[in-house]
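Where a number appears in this text, it was derived from the coordinates with a stated rule and is not lab data. Quantities reported herein were computed from a predicted structural model and do not represent experimental measurements. Reconstructed Cβ throughout: ideal geometry from the backbone, glycine too, with neighbour counts over all protein chains shown.
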């Protein structure tokens, strides 16, 4: 991106005719090599087209959950990881598997259980014998983390020691085992599911691991109309197949494109005002934050708010990040980075209520500064 206005809203119109991408006639997949990766306008149009195609593929299998699917796409474009929380049976696992299929990514699933060990995730050394020399040697056997999209199913069913085995992979995109460091294949995403913490047999995620997730998404029940469609689809003989409509190389290029989206200074200042005000130790924080917030969000919250907002503005065919992009993503980014005090819990104040109040007061401060 050469100039702040290198993207323009009108450049995203008529995606079907402008910037159309060639497809392989045999597989129907888009040919990545036909688009110049230095052409941001073409790449942006292609991102919109690709995400629309992904949504179409997912919608063939998953009914509803449009907001959740959008947040998953934003997390992937922002090179982040996502934590999905909801009661069993809400298609969380199916949603993640379908996303991997539509992006033609290597996919592995780990069912987290109380007896799962760290080596079951990262891999371990095994003894192999050479049939010719009869010599034995230790050979590293990669674990399921060596993939592109990893589904950590019911991650809060296993103790913190095992949960922590994902930390290095999530942050550094590499795994250290037996004194050697192994680089993971790009793109790499961890999409974890968890049951509500009040259910029996669950372990709360450590603070360090919660902070590694870009989003904490709450998956809700479908409405009556959606549930009726779920019944019709799952009790009939229809067998819909998900088709890959984008490649891993495309996703890597889209991730680079997201970082080149311009960020207006007033949006950056808005993010800083909201995040810093949420910290009870910050001099600018209001009195109610010091009363109701035990721990506030760290600097990673500001970074990820900006990256996610950039991804969202592209996804909505816009050229520059707006405050509305930040507001739309504040809840899933902040809800797992803020810890309410006992006083807040005693008064029935939820984390989402605190975030609502933060945004309202940040809006007022922004308007008074105009």
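Result for the chain in a Gaussian network model with C-alpha springs under 10 Å: among 220, 156, 195, the largest mean-square fluctuation is at 220. Using C-alpha pairs under 8 Å with a sequence gap of at least 6, the mean separation divided by the residue count of the chain gives a relative contact order of 21 percent.
From helices alone, the chain scores -12500 deg cm²/dmol at 222 nm; the rule is -39500 (n - 2.57) for each run of n ≥ 4 DSSP H residues, then divide by the residue total. Under the criterion of Cα pairs below 8 Å and six or more residues apart, the relative contact order for the range 261-368 equals 31 percent.
Over all directions, the projected convex hull of the C-alpha atoms in the range 75-194 averages 8.9 nm² in area.
Along its three principal directions, the equivalent ellipsoid of the range 261-368 from the Cα gyration tensor extends over semi-axes of 25, 14, 11 Å, largest first. Cβ-Cβ distance of residue 183 and residue 119, R₀ of 30 Å, FRET efficiency by 1/(1 + (r/R0)^6): the value works out to about 0.95. GNM on the chain, alpha-carbon springs under 10 angstrom: the most fluctuating residue among 170, 117, 251 is 117.
Length gained on full extension, residue 67 to residue 287, computed as 0.36 nm times the residue gap minus the Cα-Cα distance: 75.9 nm.
What the Cα atoms of the range 137-250 give is an Rg and a Dmax of 18.3, 60 Å. Modelled this way, with points 7 Å down the Cα-to-C-beta line, the labels at residue 136 and residue 173 are 3.9 nm from one another. Computed extension gain for residue 266 through residue 227, at 0.36 nm per residue and net of the alpha carbon distance, reaches 9.8 nm.
Annotation: peptides 126-138, 74-86, ranked by per-residue average of other Cβ atoms within 10 Å with the highest first, follow the order 74-86, 126-138. For the chain, report the % of Cα-Cα distances exceeding 26 Å. In whole percent, the share of Cα-Cα pairs in the chain beyond 26 Å is 57. In percent, rounded to a whole number, the relative contact order of the range 39-102 is 45, using alpha-carbon pairs under 8 Å and six or more apart.
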